[in-house]
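The values are calculated or read from the model by the stated rules, or taken from the named source; none is laboratory data. Keep in mind the model is a prediction, meaning the values are calculated, not measured. Positions of Cβ are backbone-derived with ideal geometry, glycine not excepted, and every protein chain shown enters the neighbour counts. For accessibility, only protein heavy atoms count, side chains too; no ligands or nucleic acids. Shrake-Rupley method; radii C 1.70, N 1.55, O 1.52, S 1.80 Å.
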Amino acid sequence: MHTTGERRVVAGVSGSLGSIAALHRAVAEVRSAGGTLWAVLAWEAPLTELGPRGSFPSPSLGEDCRREAVDVLVTALDTAFGGAEPSVPTECFVARGAPGQALVDIADREDDLLVVGTGRRGLWRRALFPSVARFCVAHAACPVLTVPPPPLQRTLEAVTRGHGSRLDLRELQHPAVGGA
């Protein structure tokens, strides 16, 4: 484990609204206490694409998966910051592996801060997809900041569940931007 060097704020990125909120919070942490933002997207190959012992049947398939992960990271950063740079020193990384384990392995210094988004998770979702945030809280060597989902995510989830037929579009506006 490393214990020296510039402070790193490691943000887990997946492209979800929760990870976008985590990126914004990570930038705020870098602004207030200094350091460098490390935006990290971890990826795993689809199980149907793997050969024996988790290897790719062809090297080009592994490279295609990595390139897809880079595209997701770039898109998430563009979404989070409107196509502009984050306004703090930033490093971007794509790591192959389970997201929780990859984030914990990267944020391995005591003075790091690991920032991850959390999501609203139903019983089935918890059973099928382990929580990255819970894994990080349980296994990280550094402090972990979990960021709740933004209010817009709850509204969008209601729409996708079929509760949006009576949704007033003014509810989608943020109060500080002219909403109700």
task = Keeping to region 25-54, report how many residues are in contact with a helix residue (DSSP H, G or I) (Cβ under 8 Å, 6 or more places away or on another chain), modelled with pLDDT of 95 or more and either of a type in the set (Ser, Thr, Tyr) or open to solvent by 60 Å² or more (accessible area, probe 1.4 Å) (or both).
result = 1
ask   = in a loop (DSSP other than H, G, I, E, B) and either of a type in the set (A, V, I, L, M, F, W, C) or modelled with pLDDT under 90 (or both) - does that describe any residue in region 63-81?
value = no
request  = Spot the failing condition for ALA140; the list is (1) open to solvent by 80 Å² or more (accessible area, probe 1.4 Å); (2) at pLDDT 70 or above, and only one is missed.
outcome  = (1)
message = Go through (1) at pLDDT 85 or above; (2) among the β-branched types (Val, Ile, Thr); (3) in a loop (DSSP other than H, G, I, E, B) for THR3 and report which single condition fails.
response = (1)
remark   = Of the residues in region 82-105, those that are open to solvent by 50 Å² or more (accessible area, probe 1.4 Å), over 16 Å from the mean Cα position of the chain (by Cα) and modelled with pLDDT of 95 or more come to PRO89
Set GLU110, GLU85: member being touching a residue at least 40 places away in the same chain (Cβ under 8 Å) and over 25 Å from CYS65 (Cβ atoms) = GLU110
